[in-house]
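Undergrad: Okay, here's the structure, questions in a sec.
The values are calculated or read from the model by the stated rules, or taken from the named source; none is laboratory data. Values in this document were obtained by computation on a predicted structure and should not be read as measured data. When we count neighbours, we look across all protein chains shown, and the Cβ atoms used for this are built from the backbone with ideal geometry, even at glycine.
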Ligand SMILES: NC(=O)c1ccc[n+]([C@@H]2O[C@H](COP(=O)([O-])OP(=O)(O)OC[C@H]3O[C@@H](n4cnc5c(N)ncnc54)[C@H](OP(=O)(O)O)[C@@H]3O)[C@@H](O)[C@H]2O)c1
């Protein structure tokens, strides 16, 4: 595994991190998830990403991960970077969603209980909340760090403008923003417009989520929609309708480019993101050990010829 400094901070993150959004909830086989997490750590993936609402049901991924920590990683806490988030709906009533101080602080307390932890390494506000003053949300993040319940804070799904504003408030409070977690893949390049520049300017790291477009940038859907795939399952966030014919056509062509490079499409999609030095880590998901192994091997072939990049750009535009 290679490690990159997260922006201009002292914290290094693995080039590939593992997310527990899907495949680690109460509806998923626990032992499969446990094997994936164990294999990931053994391969040098030190960073595991969660959120209060991961499951389903919401909270169950943190409960399962807490179980793994207790049985398999007891003495390894200092070798791990664990993140969680709050910002989406978590519990009924006005205090279980959004960006209020009330929600963020109580949600992190619940996350820590579920995982059996005293602190997380990174706590994120999961999405911008236009109904809460940004000062209140950022003061809650600052407070959480001062309480010792998180070592660093991050933002997720904030636009470039919202990030600029939030970063300035955090800096004034004395708790710098460590990292931003946007969606970024070959099929969604919105961060290239201005967010990556903003992060670079302020020395903030970037961890790209859904780098495989939830599985579309792999061989998963090349021959139809398998029943056990994210799009095939009723609990998945990806829907059958998302696998549109025009996207599939593009994926087939990208798959050819990957094959010519001697790697899988998933591997090419991962290193294509890592070629930008502003990207600290690529946050993958996996439903099997085989997928994880395949993704890890991406790092064996990182270099792109200009002709390959041109070809990919042509297919993406
Ligand atoms: N901040 C946010 O708002 C936000 C939002 C979304 C995600 N995230 C974070 O990002 C993480 C990753 O997101 P994601 O799961 O959407 O990432 P992804 O890596 O784009 O998709 C993962 C899915 O792709 C398929 N896959 C992975 N490797 C494969 C391979 N080598 N060959 C074939 N198929 C492969 C699997 O699908 P199957 O299940 O079909 O096998 C797997 O579940 C999440 O766990 C979470 O931590 C954050």
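Undergrad: Out of 163, 132, 175, which single residue is at pLDDT 95 or above and within 16 Å of the ligand (Cβ to nearest atom)? Write out each step before concluding.
TA: Details: 132 fails: within 16 Å of the ligand (Cβ to nearest atom); 175 fails: within 16 Å of the ligand (Cβ to nearest atom).
Checking each option against the conditions leaves just 163.
Undergrad: What pairs come up if the first residue lies in segment 275-296 and is without any contact (Cβ under 8 Å) to a residue 60 or more places away in the chain, the second is part of a loop (DSSP other than H, G, I, E, B) and within 7 Å of the ligand (Cβ to nearest atom), and their beta carbons are under 7 Å apart, counting only those six or more places apart or on different chains?
TA: 294/264
Undergrad: Turning to a different aspect of this structure: What residue, among those in segment 230-242 that are without any contact (Cβ under 8 Å) to a residue 40 or more places away in the chain and touching a helix residue (DSSP H, G or I) at 6+ places or on another chain (Cβ under 9 Å), is farthest from the ligand (Cβ to nearest atom)?
TA: In the first step, residues of segment 230-242 are kept if they are without any contact (Cβ under 8 Å) to a residue 40 or more places away in the chain; the result is 231-234, 238-242.
Subset that is touching a helix residue (DSSP H, G or I) at 6+ places or on another chain (Cβ under 9 Å): 231-232, 238, 242.
Numbers: 231: 7, 232: 7, 238: 8, 242: 12 Å.
Restricting to residues being without any contact (Cβ under 8 Å) to a residue 40 or more places away in the chain and touching a helix residue (DSSP H, G or I) at 6+ places or on another chain (Cβ under 9 Å), the top hit is 242.
Undergrad: Pick from segment 275-299 the residues that are part of a loop (DSSP other than H, G, I, E, B) and surrounded by fewer than 20 Cβ atoms within 10 Å (Cβ to Cβ): which of them is farthest from the ligand (Cβ to nearest atom)? Steps first, answer last, please.
TA: First, pick out the residues of segment 275-299 that are part of a loop (DSSP other than H, G, I, E, B): 275-280, 285-288.
Checking the rest, the ones that are also surrounded by fewer than 20 Cβ atoms within 10 Å (Cβ to Cβ) come to 275-278, 288.
Working: 275: 17, 276: 17, 277: 21, 278: 18, 288: 7 Å.
Result: 277.
Undergrad: Scan segment 152-178 residue by residue and report those that are out of contact with any strand residue (DSSP E or B) (no Cβ under 9 Å at 6 or more places or on another chain) and part of a helix (DSSP H, G or I). Quick ask: steps written out before the conclusion?
TA: First pass over segment 152-178, keeping only residues out of contact with any strand residue (DSSP E or B) (no Cβ under 9 Å at 6 or more places or on another chain): 159-161, 164-165, 168-169, 172-174.
If the condition is that a residue be out of contact with any strand residue (DSSP E or B) (no Cβ under 9 Å at 6 or more places or on another chain) and part of a helix (DSSP H, G or I), then 160, 161, 164, 165, 168, 169, 172, 173 are the ones that fit.
Undergrad: Mind checking which residues of segment 138-151 are surrounded by fewer than 22 Cβ atoms within 10 Å (Cβ to Cβ) and either at pLDDT below 95 or not in a helix (DSSP H, G or I) (or both)?
TA: 147, 148, 149, 151
Undergrad: Further, regarding this structure: Taking only segment 21-37 into account, find how many residues are surrounded by fewer than 17 Cβ atoms within 10 Å (Cβ to Cβ) and in contact (Cβ under 8 Å) with a residue 12 or more places away in the chain.
TA: Pass one, segment 21-37, residues surrounded by fewer than 17 Cβ atoms within 10 Å (Cβ to Cβ): 26-27, 29-32, 35.
Subsequent filtering for residues that are in contact (Cβ under 8 Å) with a residue 12 or more places away in the chain retains 26-27, 30, 32, 35.
Residues flagged as surrounded by fewer than 17 Cβ atoms within 10 Å (Cβ to Cβ) and in contact (Cβ under 8 Å) with a residue 12 or more places away in the chain within segment 21-37 amount to 5.
Undergrad: Quick check: anything in segment 264-271 within 16 Å of the ligand (Cβ to nearest atom), surrounded by fewer than 16 Cβ atoms within 10 Å (Cβ to Cβ), over 18 Å from the mean Cα position of the chain (by Cα) and not in a helix (DSSP H, G or I)?
TA: The initial filter retains those residues of segment 264-271 that are within 16 Å of the ligand (Cβ to nearest atom), namely 264-271.
Subset that is surrounded by fewer than 16 Cβ atoms within 10 Å (Cβ to Cβ): none.
Taking every residue of segment 264-271 in turn, none turns out to be within 16 Å of the ligand (Cβ to nearest atom), surrounded by fewer than 16 Cβ atoms within 10 Å (Cβ to Cβ), over 18 Å from the mean Cα position of the chain (by Cα) and not in a helix (DSSP H, G or I).
Undergrad: Something else now. Inside segment 17-73, can you point out the residues that are over 28 Å from residue 92 (Cβ atoms) and in a loop (DSSP other than H, G, I, E, B)?
TA: Hits for segment 17-73 are 29, 43, 44, 45, 46, 73.
Undergrad: Out of all the residues in segment 38-52, which are crowded, with 22+ Cβ neighbours inside 10 Å and either more than 15 Å from the ligand (Cβ to nearest atom) or under 25 Å from residue 273 (Cβ atoms) (or both)? Reasoning before the result, please.
TA: First, pick out the residues of segment 38-52 that are crowded, with 22+ Cβ neighbours inside 10 Å: 40, 45, 47-52.
40, 45, 47, 48, 49, 50, 51, listed by residue number.
Undergrad: Still on this structure: Can you confirm whether segment 215-222 contains a residue that is more than 30 Å from residue 138 (Cα to Cα), modelled with pLDDT of 95 or more, outside any loop (DSSP other than H, G, I, E, B) and within 10 Å of the ligand (Cβ to nearest atom)?
TA: Yes; the residues of segment 215-222 include at least one that is more than 30 Å from residue 138 (Cα to Cα), modelled with pLDDT of 95 or more, outside any loop (DSSP other than H, G, I, E, B) and within 10 Å of the ligand (Cβ to nearest atom).
Undergrad: Of all residues in segment 75-103, which are at negative phi and within 15 Å of the ligand (Cβ to nearest atom)? Outline the logic, then answer.
TA: Taking segment 75-103 as the starting set, the residues that turn out to be at negative phi are 75-86, 88-92, 94-97, 99-103.
Scanning segment 75-103 gives 80, 81, 82, 83, 84, 85, 86, 88, 89, 90, 97, 99.
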